[in-house]
Amino acid sequence: MAIHDDDTHARAAADHDAFLVTCTSRQLLSRLANKWVTLVLCALMEGPTRHSALSRRITGVSQKMLTQTLRNLERDGLLTRTVTPSVPLTVTYELTDLGRSLVGVFLQLKHWADHNMDEVARARTNYDARSASREPSRPLANAQGPSKI
């Protein structure tokens, strides 16, 4: 894991501000905000994992999306892809030190979501009920089509 002094981190933070539209860290935040990224990083916390095991662990992700997510994370330096020449070929994915430094944040986010989903669902239901009562009722469209004048 790369060790940086406080001055290095302070300079890097000063060079990047995700609130600015031109900042490259905004692109990184956009990638990291993806649900598949969160789930892949959390799944890889368990150690080196094959593509097929990730696919079984993360239900609902398509093969194409999983492959794309893994490639993007490898490009960003958050995981490594290791190909072992065997029959059949074995490919495993593992978090890098950089990836491990980030996964704790995602585990906290996942934990928060798991523990607060019931409250969020209640809030959504309440919001939807309030919104429905505020909206003026709209007349139904004429079943015979638009009137001709």
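Data table
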quantity	calculated
Separation of the VAL83 and ASN34 label points, Cα + 7 Å toward Cβ, nm	2.1 nm
GluC sites (Glu not before Pro) restricted to DSSP loop in region 10-119 with at most 13 other C-beta within 10 Å	GLU46
Integer Hz, Karplus 6.51/-1.76/1.60 couplings in order for region 87-100, x for Gly and Pro	10, x, 4, 10, 10, 10, 10, 8, 5, 7, 4, 4, x, 5
Table column - 3J(HN,Hα) (Hz), region 38-44, Karplus curve with 6.51, -1.76, 1.60, x for Gly and Pro	4, 5, 5, 4, 5, 5, 6
Principal axis box of region 24-117, alpha-carbon based, largest edge first, Å	45, 30, 23
Three semi-axes of the equivalent ellipsoid, region 68-114, Cα gyration tensor, whole Å, largest first	26, 12, 9
Amide H within-cut-off set for VAL91, under 5 Å, with H built and near neighbours excluded	HIS51, THR84
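All of the numbers you see were taken from the coordinates with simple rules; none came from a lab. In this text, all values refer to a predicted model and were calculated from it rather than measured experimentally. Virtual Cβ from ideal backbone geometry, glycine too; neighbours counted across all protein chains shown.
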